[in-house]
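J.: Supplied in structure tokens, the structure appears directly below.
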Amino acid sequence: MSGPRERSRRDLLTGWFSALRDATGAARGAPRLKPEELLRPPGALKPDEAFLAACTGCGDCIPVCPTASIISLEREDGRLLPVIDPSARPCQLCSDLPCIAACPDGALIDPGGPERVRLGIAKVEPKRCVTFRGEVCRSCYAACPYPDRAILLIGGRPLVGSGACTGCGLCEHACPEHPKAIHVIAERNLVPGLRVPRDEYDRRG
């Protein structure tokens, strides 16, 4: 009998193609995320080089995700890695984090509960968000699992609390705008400790 590590590449990619179809319909022609913008699963080792060294691409974290949020992506070098596309299927921050428990390689480590998960950080795009034009929208705030901490409404406009934002992507998924007015920047693309996008930090310097 074949074990989970012997599942075929075709089986591993099934979740990816399914999520791709869902996202394509939802995005109404909006451009797809680039592979480097997709999120790592909860508990991914940091820095990212440590995760890449530990993850074997076995896919054991994929079938245990109850919402099929974790999918498998084949990189240009042929390597398979688990990822999350928050626009298509965001992380639901399960209380028991089954993906972490299923990882046999130590690539995913329990951070101490769902509130301590750090997949990335949400960023609001004022030019796309209707609240900056005086319209009322609470979609991202209503979807946030930690409102008034991870997302606050200041003057009717969303403000991301960098210390509390898990990067789950529920806000991005809920945003009715296309392209999205709020999106998650992967943790590996942030400056460690500061949790600001590397490209923005470099421009400041």
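J.: Which residues, counting only those in region 67-88, are out of contact with any helix residue (DSSP H, G or I) (no Cβ under 7 Å at 6 or more places or on another chain) and either outside any strand (DSSP E or B) or polar (S, T, N, Q) (or both)? Break it down stepwise before answering.
T.: From region 67-88, those out of contact with any helix residue (DSSP H, G or I) (no Cβ under 7 Å at 6 or more places or on another chain) are 67, 69, 76-79, 81-84; that's our starting set.
Listed by number, the residues that qualify are 67, 69, 76, 77, 78, 79.
J.: Check every one of the helices (runs of 4 or more DSSP H) wholly within region 89-205 and list those with 3 or more residues that are of a type outside the set (A, V, I, L, M, F, W, C) and more than 24 Å from residue 41 (Cα to Cα).
T.: Numbers: elements: 98-102, 139-143, 170-174, 198-204.
Filter on region 89-205 gives 198-204.
J.: May I pose another question? Looking for whichever is small (Gly, Ala, Ser) and touching a Cys at 6+ places or on another chain (Cβ under 6 Å) here; the options are 87, 69, 95. Which one fits? Explain how you work it out, then say what you get.
T.: Values: 87 fails: touching a Cys at 6+ places or on another chain (Cβ under 6 Å); 95 fails: touching a Cys at 6+ places or on another chain (Cβ under 6 Å).
Step by step, each of 87, 69, 95 is checked, and only 69 is small (Gly, Ala, Ser) and touching a Cys at 6+ places or on another chain (Cβ under 6 Å).
J.: For the subset of region 101-136 comprising residues that are more than 26 Å from residue 182 (Cβ to Cβ) and among the hydrophobic types (A, V, I, L, M, F, W, C), which member is surrounded by the fewest Cβ atoms within 10 Å (Cβ to Cβ)?
T.: Once the filter is applied, the top-ranked residue is 101.
J.: Right, another one. Taking interchain pairs and intrachain pairs at least six residues apart, which have beta carbon atoms under 7 angstrom, with the first residue in region 33-49 and assigned by TED's automatic domain parsing to the domain that holds residue 100 and the second small (Gly, Ala, Ser) and assigned to a helix (DSSP H, G or I)?
T.: From region 33-49, the pairs are 45/54.
The values are calculated or read from the model by the stated rules, or taken from the named source; none is laboratory data. Owing to the predicted nature of the structure, the values given are computational and were not obtained by experimental measurement. Reconstructed Cβ throughout: ideal geometry from the backbone, glycine too, with neighbour counts over all protein chains shown.
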